[in-house]
Amino acid sequence: MIALLSIGSVQALPQSIEGDWYLVHSYERTQNHHQFLSEPLQKKYSSVNTVSPTGGHYLYIASFEISKAQAYVIDFKNTSTIEFFRHQVYDQRGREVATMEGGIGSRIENPFFLRHGRIVTLVPGKYVLATQLISTNYLAIPEPYLDDQASYMHAIKRGNALTLFGLGIFWGLGIYYTVLAASRNRSVEAMYAIFIAGNFIYNSAALLVISDLLNLHSIYLVSMPVLVSSMAYMLFVMRLLEINPYQHKRLYYAGVVILLMMVLFLCLAIAFPNWALEFCRYEVALFLCYGLAVAIRQSQRKNATAKRYLVAISLFFVSGIIAISLSKLDQQFDLYIEHLGLVSVAIEVVLLALVLSFQFSQLRQEKEEALEALGMTEKVAHSDALTSLPNRYAFVKALEQMTMQGSLTFIDLDGLKFYNDQYGHARGDELLICFAKNYQHSLGSDLVLYRLGGDEFAVLSYKGEVAVVERAMQQAIERVRLEGFEFSGASAGYAYYYEADTIAELLRIADERMYENKRSRQQG
């Protein structure tokens, strides 16, 4: 018979039931791997310090003393992620007085909402508790503890309220981001909605909401959603902070490598489910480190969104690392390590909502400032009255739809002032019409020429075809000169979309290059 430990004197409740851990057998992926021992005290097993995160069948044996006859509750501290458990209580004569089972994978109904607590009525005396745990994996160390029923029912209210409040945040903001992604057709909000959904399922499963309310009993709902949502968070960070291979080559390819590692972890978790929670820890650590590194780097580049995201990810990083590192909570009986993870993600979700709200307002402000600077309103027509080209207002609208690979080219038509002064404005108008007609013809149907005003034109290319734009400009000038405008010419300056963080900066770069080209031509 296994040697038993006594806790000595009776302690105030709730109290941990101090005992020893024994390994019955390591994790076995079989249909009957959750069969319990009928007589756990009748055989010796290998003594171990604690349970393994990669699962297995464990036996916990401890002795305790009761001084008052009443109803008691035996539950676990530190974690609720337990697939199957069985408590067997023996009196000092070795007679079994109670047997209680449960767990996430068990279909036995929990007597307490969102808890593994089991009721046992005991009279004064000494007892032995033999608890068997069988689980595919363990998030933390499930240590049994004892409390009287009345105190227990009061104590669990705080943890249960925290669970429901956190899941309520996930539910509300998850719907918000889903609707936002669908209405705006943006991947940023879609990825974050997936991240929230994964954490909602994980926390609902780990904290027994799914098993208690939906009668779904699967330990895999604790791990698999996290493996998927972590990949969604990586994509969210890369989209939010505009990490691309053109401007941020190292950060972009680091993100790609991490995503490939996460795909590998997911495949390994499917093949080796007892390692699933360990892979979850690895993935969470990876996206926390990546998010923090990217936020710091982009903040150094004066990215306003990154500066605000840095606040959210810094808090998320600290709380998240603590949550995935702990295996037990000293003197905490009503809160689990799962609650720490829940609070950590909830804080990040709320702060990110503020960051994205700021981003939306910033984009709106940029749009309004650009329209105001260009002297446009929504009532302005899209076409230039003289040349029939799309005008400045149409240009601004098209600029907002540009892709990261696109380019902008500014063109300044030379010679307009000369023909206006020498031959009158009618002749100058003819030059503008002639140039617009020939340039648009040379560009073809895939590229659009805009007249911004006066002698200023622009071309937007969604594929960044700068060479095609400049070659078409030279062809147009040659035709214009053949049609009687020998003193005409043109200067151009281009900018790729990925060279700038904002629309205003993109316009400035192209404008500076155009005037630099113009000075070079005049000096030549």
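The values are calculated or read from the model by the stated rules, or taken from the named source; none is laboratory data. All values reported here derive from a predicted model rather than from experimental measurement. Ideal geometry is used to build each Cβ from the backbone, glycine not excepted, and the neighbour counts take in all protein chains shown. Remember, those area values only see protein heavy atoms, side chains included, never the ligands or the DNA or RNA. Shrake-Rupley method; radii C 1.70, N 1.55, O 1.52, S 1.80 Å.
Looking at Thr136, is it touching a helix residue (DSSP H, G or I) at 6+ places or on another chain (Cβ under 7 Å), at pLDDT below 95 and buried (at least 22 other Cβ atoms within 10 Å of the Cβ)? Against the criterion (touching a helix residue (DSSP H, G or I) at 6+ places or on another chain (Cβ under 7 Å), at pLDDT below 95 and buried (at least 22 other Cβ atoms within 10 Å of the Cβ)), Thr136 qualifies.
Kindly provide the set of residues from segment 299-318 that are among the polar types (S, T, N, Q) and outside any loop (DSSP other than H, G, I, E, B), ordered by number. Break it down into steps so the answer makes sense when it comes.
Kept after step one, since they are among the polar types (S, T, N, Q), are these residues of segment 299-318: 299-300, 303, 305, 314.
Answer for segment 299-318, where residues must be among the polar types (S, T, N, Q) and outside any loop (DSSP other than H, G, I, E, B): Ser299, Gln300, Thr305, Ser314.
If you go through segment 416-444 one residue at a time, how many are within 21 Å of Thr403 (Cα to Cα) and charged (D, E, K, R)? Before you say what the answer is, go through the steps one by one.
First pass over segment 416-444, keeping only residues within 21 Å of Thr403 (Cα to Cα): 443-444.
This time we only want the ones that are charged (D, E, K, R), so: none.
So the count comes out to 0.
When Ala150 is tested against (1) outside any strand (DSSP E or B); (2) of a type in the set (Gly, Ala, Ser); (3) open to solvent by less than 50 Å² (accessible area, probe 1.4 Å), just one condition goes unmet, and that condition is (3).
Count, please, the residues in segment 86-108 that happen to be under 40 Å from the mean Cα position of the chain (by Cα) and acidic (Asp, Glu). Spell out the reasoning first.
Kept after step one, since they are under 40 Å from the mean Cα position of the chain (by Cα), are these residues of segment 86-108: 86-87, 100-108.
If we keep only those that are acidic (Asp, Glu) as well, we get 101.
Number satisfying all stated conditions: 1.
Evaluated against (1) open to solvent by 10 Å² or more (accessible area, probe 1.4 Å); (2) part of a helix (DSSP H, G or I); (3) closer than 19 Å to Asn517 by Cα, Ala472 falls short on exactly one condition, (1).
Among the candidates Ser80, Ser47, the residue that is over 19 Å from Asp212 (Cα atoms), of a type in the set (Ser, Thr, Tyr) and either open to solvent by 10 Å² or more (accessible area, probe 1.4 Å) or within 42 Å of the chain's Cα centre (by Cα) (or both) is uniquely Ser47. Selection of first residues in segment 327-339 that are touching a residue at least 60 places away in the same chain (Cβ under 8 Å) and of second residues that are open to solvent by 40 Å² or more (accessible area, probe 1.4 Å) and assigned to a loop (DSSP other than H, G, I, E, B), restricted to Cβ pairs under 6 Å at least 6 apart or on distinct chains, gives the following pairs, ordered by first then second residue: Phe333/Pro14; Ile337/Leu326. Pairing residues of segment 147-162 that are closer than 19 Å to Asn78 by Cβ with residues that are in a helix (DSSP H, G or I) and among the small types (Gly, Ala, Ser), at Cβ distances under 8 Å and at least 6 apart in sequence or on separate chains, gives Asp147/Ala155.
Could you look through segment 220-244, keep only residues that are more than 17 Å from Asn303 (Cα to Cα) and over 12 Å from the mean Cα position of the chain (by Cα), and pick out the one that is surrounded by the most Cβ atoms within 10 Å (Cβ to Cβ)? Looking at residues that are more than 17 Å from Asn303 (Cα to Cα) and over 12 Å from the mean Cα position of the chain (by Cα), I get Val222. Just to verify a result, which residue in segment 245-257, among those that are surrounded by 15 or more Cβ atoms within 10 Å (Cβ to Cβ) and over 17 Å from the mean Cα position of the chain (by Cα), is modelled with the lowest pLDDT? Top of the filtered list is Gln247. Residue count for segment 445-469, restricted to those that are of a type outside the set (A, V, I, L, M), in contact with a strand residue (DSSP E or B) (Cβ under 9 Å, 6 or more places away or on another chain), open to solvent by 20 Å² or more (accessible area, probe 1.4 Å) and over 17 Å from Glu400 (Cβ atoms): 7. Report the residue count in segment 183-211 for those that are open to solvent by 50 Å² or more (accessible area, probe 1.4 Å), at pLDDT 95 or above and over 19 Å from Leu227 (Cα atoms). Number of matching residues: 0.
Have a look at Val480, Val466, Val459, Val448 and point out the one that is in contact (Cβ under 8 Å) with a residue 40 or more places away in the chain and in contact with a Cys (Cβ under 9 Å, 6 or more places away or on another chain). Working first, answer last.
On the way: Val466 fails: in contact with a Cys (Cβ under 9 Å, 6 or more places away or on another chain); Val459 fails: in contact with a Cys (Cβ under 9 Å, 6 or more places away or on another chain); Val448 fails: in contact with a Cys (Cβ under 9 Å, 6 or more places away or on another chain).
Testing whether each residue is in contact (Cβ under 8 Å) with a residue 40 or more places away in the chain and in contact with a Cys (Cβ under 9 Å, 6 or more places away or on another chain) leaves just Val480.
Looking at the structure I just gave you, is Tyr494 assigned to a strand (DSSP E or B), hydroxyl-bearing (Ser, Thr, Tyr) and open to solvent by less than 50 Å² (accessible area, probe 1.4 Å)?
Working: assigned to a strand (DSSP E or B): yes; hydroxyl-bearing (Ser, Thr, Tyr): yes; open to solvent by less than 50 Å² (accessible area, probe 1.4 Å): no.
Criteria not met by Tyr494.
Can you tell me which residue among Pro124, Pro144, Pro111 is under 15 Å from Glu65 (Cα atoms) and under 39 Å from the mean Cα position of the chain (by Cα)? Unique residue meeting the criteria: Pro144.
Every listed requirement among (1) more than 47 Å from the chain's Cα centre (by Cα); (2) surrounded by 19 or more Cβ atoms within 10 Å (Cβ to Cβ) is met by Ser442 save one, (1). Number of residues in segment 51-101 that are without any contact (Cβ under 8 Å) to a residue 60 or more places away in the chain and part of a strand (DSSP E or B): the value is 13. If you go through segment 417-431 and pick out every residue that is buried (at least 20 other Cβ atoms within 10 Å of the Cβ) and either in contact with a strand residue (DSSP E or B) (Cβ under 7 Å, 6 or more places away or on another chain) or touching a residue at least 60 places away in the same chain (Cβ under 8 Å) (or both), you end up with 1. When the residues of segment 127-141 are narrowed to those that are part of a loop (DSSP other than H, G, I, E, B) and closer than 19 Å to Ser218 by Cβ, which ends up farthest from the chain's Cα centre (by Cα)? If we take residues in segment 127-141 being part of a loop (DSSP other than H, G, I, E, B) and closer than 19 Å to Ser218 by Cβ, then Thr136 is farthest from the chain's Cα centre (by Cα). Among the residues of segment 319-337, those that are open to solvent by 40 Å² or more (accessible area, probe 1.4 Å) and either farther than 19 Å from Leu162 by Cβ or assigned to a loop (DSSP other than H, G, I, E, B) (or both) comprise Ile321, Ser325, Leu326, Ser327, Lys328, Asp330, Gln331, Gln332.
For segment 251-260, the criterion of being in contact with a helix residue (DSSP H, G or I) (Cβ under 9 Å, 6 or more places away or on another chain), in contact (Cβ under 8 Å) with a residue 12 or more places away in the chain and under 30 Å from Leu114 (Cβ atoms) is met by none of the residues.
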